[in-house]
Amino acid sequence: MQIERAWLEAAELALTEHAVTLALLPMDQVLAADGYLAKLERRGYVVQGSDASQTTPSREPATETE
């Protein structure tokens, strides 16, 4: 649990000091009911999932104009 506590403290510091923060963790540790995201939520952070249909805008192919 000491590693987990240290990671959460480092994550909170990074989130308060930087507009963008990246963390790499095994998905089972991130998404577990008692995982890192759940612990951040309990500390008052808002955790949002991504929606692939909204994050990738559709684009029409470019057409030539005369």
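Overview of values
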item: Any helices (runs of 4 or more DSSP H) falling wholly within the stretch 23-66 and containing at least 2 residues that are modelled with pLDDT of 90 or more and either on the phi > 0 side of the Ramachandran plot or loosely packed, with under 10 Cβ neighbours inside 10 Å (or both); result: 27-31
item: Complete set of residues in the stretch 5-37 that are aromatic (Phe, Trp, Tyr) and over 14 Å from the mean Cα position of the chain (by Cα); result: 7
item: Residues located in the stretch 5-46, provided they are among the charged types (D, E, K, R) and either in contact with a Pro (Cβ under 7 Å, 6 or more places away or on another chain) or without any contact (Cβ under 8 Å) to a residue 12 or more places away in the chain (or both); result: 5, 9, 17, 28, 34, 41, 42
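The values are calculated or read from the model by the stated rules, or taken from the named source; none is laboratory data. Everything quoted here is computed from the prediction, not taken from an experiment. Please note: Cβ atoms are built from the backbone with ideal geometry, for glycine as well, and neighbour counts cover all protein chains shown.
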